[in-house]
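Have a look at the structure below before the remarks.
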Amino acid sequence: MALGGLFGSSSAPSNPVPQQPKFDSETVATILEVQTKIQEEFAINTAKTLVDHATEQCFTKCLKAPYAVNGSTSLAQDNNCVESCLAKYLRSWNEISKTYVGRLQQQPPSN
Amino acid sequence: MSSIPNQIQTKINTISSNGEAVAQVNNIIQVEEQKFQIQQDIHNFTKLCFNNCININSTNILSADLTTNESQCLSDCVSRYLDVNLQIVKSLQGGK
C-alpha cells in the first residue's frame, strides 16, 4: 500500500466497474462517480489520521517544555527534528504496512 | 466514515430504482470500508510502534532513514501485537 494512494493521488479508481451491458452508460457513469467520491472521502479521513498521529509523535519527540520559541530550544532546530521525524514516521508507516498486510495475507483477521 | 455524506447519498438516490446498480454501489462501499479499516489499523500500529521503536533525541535527530534496528523493531512490534491479539481472543474463547 503506497503512501501515494493514501492521499487519493491516483488518477483512476482502483476498482473500476467492469463494462456491464446490464447498466446503461448513464448508470455506469453514476456508479463510477460515486466510487470516486467514496474513495476521496476515505482518503481525506486517512490523511487526517496521519497528520494527527504524526503531529502528536513528533511534537512529543522533538519539543520539550517550556515551549518558548526564543529560548534555548531554537525554532530552526525544532523544525529540523520535525522534518526528520516526519520522514521517519512515513517510512515507519510503510514498514508496518508491509508487515501487517503480509500477515493478513497469511491468515485472515480474527475479528 | 460511519455515514455516507449527503452529496454522495444524493447521487446514489438517482439510481435507487435500479436494484443491481444499488447492489454494485453497496459492494463498492463495503470494499472501500475494508481498505479504510486496514489503513486505520496501520495508523494505530504505526503510532504505537513508532513511539516504542524510534529514538529521537538531541544527538540523533538528523537521519530521516530508518536504521536496521528500527525497521526490525517496527516489524517485530506489529507481529508481537498481533500475536497478543490472537492469544487474548483464544483465552476469552475459553481455549486456555
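Read the figures in this text as sums done on the coordinates, not as results from a lab. In this text, all values refer to a predicted model and were calculated from it rather than measured experimentally. Glycine gets a Cβ as well: all are built from the backbone with ideal geometry, and neighbour counts include every protein chain shown.
Here are a few things to note about the model shown:
- Cα-projected label distance for A:Thr55 with B:Ser91, points at 7 Å along beta-carbon direction, nm: 3.6 nm
- The charge dipole of chain B, taken about its Cα centre with unit charges on the Cβ atoms of Lys, Arg (+1), Asp and Glu (-1) only, comes to about 260 debye.
- Two-site label geometry, B:Asn13 and A:Lys48: point separation in nm, points 7 Å out along Cα→Cβ: 2.3 nm
- Placing unit charges on each Cβ (+1 for Lys and Arg, -1 for Asp and Glu) gives region A:22-103 a dipole about its Cα centre, and among A:Cys81, A:Ile38, A:Thr27 the Cα reaching farthest toward its positive end belongs to A:Cys81.
- With 31 Å as the limit, the listed pairs A:Lys48/A:Lys98; B:Lys11/B:Lys47; A:Lys88/B:Lys90; A:Lys37/B:Lys47; A:Lys48/B:Lys11; A:Lys64/B:Lys47 have B:Lys11/B:Lys47; A:Lys88/B:Lys90 beyond it between alpha carbons.
- Cα gyration tensor shape of region B:12-96, rounded if a/c is under 1.5, else prolate or oblate by comparing a/b with b/c: oblate
- Nearest-0.05 FRET efficiency for A:Ala68 and B:Asn27, computed from C-beta distance (R0 45 Å): 0.25
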